[in-house]
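Each remark here refers to the structure printed beneath this line.
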Amino acid sequence: MGKITIAVDGYSSTGKSTIAKRLATALGYIYVDTGAMYRAVTLYALDNGYIGTKDDIAGLVKELPKIKLKFVPNKETGRSEMYLNGENVEQEIRTMKVSRQVSKVAAIGEVRTKLVEMQQQMGKDKGIVMDGRDIGTVVFPDAELKLFMTASAEIRATRRYKELLEKGENVTFAEVLKNVQERDRIDSTRSISPLKKAKDAIEFDNSDMGLEEQFERIHEFAKRVI
Ligand code: C5P
């Protein structure tokens, strides 16, 4: 078989992006973090007053054609970073300010239509590892390998909390845990493309598994399909 499409879905902070990036590097595939795209639209909505204390969803939807997203590789690290209308927003989209609002923005049908179209375009030639919530169910229902990552909410919040502290954010563990649970709730219950395991996805609980072991196992799955 030639190049395949690999979909990595799952709950918030299950380490999807770490494993997906590593897998893409090992296979020489493109890696796409679709969460970054929803986060960038949310940042735009926050900066322009469409979301926050008062929400103006119709206003945001009208502005969608003005929102230009692009992944650009960092010259030093080689890692791709998110640009919103020409500005590097890679750091800002990972803050709690954005995490608090992103699931609301991701539930808007017009936002999803725009981003799903871009994602399908990026993966049209296969050779891609894409992570998100609806990749195996909606974006690439025919993906040759689908993974569904899970871990307990406490473990996920602990990982996220450490990351945010390292970046210097002033947050409490309780706030991070609440955000992880709240995003999972909204993402799994929204009417359009809710987060759910695709029937043919392999479920992967990594609560008690180190990164190395996870990678080895997932790399094995991929090699069997390719
Ligand atoms: O993956 P990450 O946690 O950065 O995603 C942020 C949010 O973007 C998710 O909580 C979800 O609301 C939304 N999302 C989505 N569909 C995707 C990827 C992310 O709805 N494919």
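Summed over segment 53-76, the residues that are over 16 Å from Tyr38 (Cα atoms) and open to solvent by 50 Å² or more (accessible area, probe 1.4 Å) give a count of 9. Taking segment 29-49 as the range and being under 14 Å from Asn85 (Cβ atoms) and part of a loop (DSSP other than H, G, I, E, B) as the test, only Asn48 passes. Evaluate the following for Ala157: is it at pLDDT 95 or above, small (Gly, Ala, Ser) and either part of a helix (DSSP H, G or I) or open to solvent by 50 Å² or more (accessible area, probe 1.4 Å) (or both)? For Ala157, the condition - at pLDDT 95 or above, small (Gly, Ala, Ser) and either part of a helix (DSSP H, G or I) or open to solvent by 50 Å² or more (accessible area, probe 1.4 Å) (or both) - is met. Candidates in segment 136-153 are the residues that are among the charged types (D, E, K, R) and not in a strand (DSSP E or B); of these, the one that is surrounded by the most Cβ atoms within 10 Å (Cβ to Cβ) is Glu144. The single residue among Thr172, Thr150, Thr189, Thr113 that is closer than 21 Å to Ile19 by Cα and of a type outside the set (A, V, I, L, M) turns out to be Thr150. Suppose the filter is open to solvent by 80 Å² or more (accessible area, probe 1.4 Å) and either outside any strand (DSSP E or B) or modelled with pLDDT of 95 or more (or both); does Glu110 pass it? For Glu110, the condition - open to solvent by 80 Å² or more (accessible area, probe 1.4 Å) and either outside any strand (DSSP E or B) or modelled with pLDDT of 95 or more (or both) - is met. Here Arg133, Arg100, Arg94, Arg79 are screened, and the one residue that is under 15 Å from Ser17 (Cβ atoms), open to solvent by 10 Å² or more (accessible area, probe 1.4 Å) and more than 14 Å from the chain's Cα centre (by Cα) is Arg79. On the given criteria, is Arg224 farther than 22 Å from Tyr38 by Cα and in a helix (DSSP H, G or I)? Yes, satisfied.
Among the residues of segment 22-57, the ones that are free of Cβ contacts under 8 Å to residues at least 24 places away in the same chain, touching a Phe, Trp or Tyr at 6+ places or on another chain (Cβ under 9 Å) and of a type outside the set (Phe, Trp, Tyr) come to 2 in all.
Residue count for segment 2-16, restricted to those that are within 7 Å of the ligand (Cβ to nearest atom) and either of a type in the set (Val, Ile, Thr) or open to solvent by 10 Å² or more (accessible area, probe 1.4 Å) (or both): 2. Residue check: Gly86 meets all listed conditions (1) more than 15 Å from the ligand (Cβ to nearest atom); (2) open to solvent by less than 10 Å² (accessible area, probe 1.4 Å) but one, namely (2).
Mind telling me which of the residues Ile30, Ile4, Ile57 ends up being over 18 Å from the mean Cα position of the chain (by Cα) and under 15 Å from Val139 (Cβ atoms)? Unique residue meeting the criteria: Ile4. Quick check, is Gly78 touching a Lys or Arg at 6+ places or on another chain (Cβ under 6 Å) and on the phi > 0 side of the Ramachandran plot? No, not satisfied.
Just one of (1) buried (at least 16 other Cβ atoms within 10 Å of the Cβ); (2) within 20 Å of Tyr38 (Cα to Cα); (3) out of contact with any strand residue (DSSP E or B) (no Cβ under 8 Å at 6 or more places or on another chain) fails for Gln120. It is (1).
Yes/no per residue for (1) part of a helix (DSSP H, G or I); (2) within 12 Å of the ligand (Cβ to nearest atom); (3) β-branched (Val, Ile, Thr); (4) without any contact (Cβ under 8 Å) to a residue 60 or more places away in the chain:
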position	(1), (2), (3), (4)
Arg100	yes, yes, no, no
Val105	yes, yes, yes, no
Met118	yes, yes, no, no
Asp125	no, no, no, no
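The values are calculated or read from the model by the stated rules, or taken from the named source; none is laboratory data. Source: prediction; values computed, not measured. Cβ atoms come from the backbone with ideal geometry, glycine included; neighbour counts cover every protein chain shown. The protein model used for the area step is the full one, side chains on, heavy atoms only, and it has no ligands, DNA or RNA in it. Shrake-Rupley method; radii C 1.70, N 1.55, O 1.52, S 1.80 Å.
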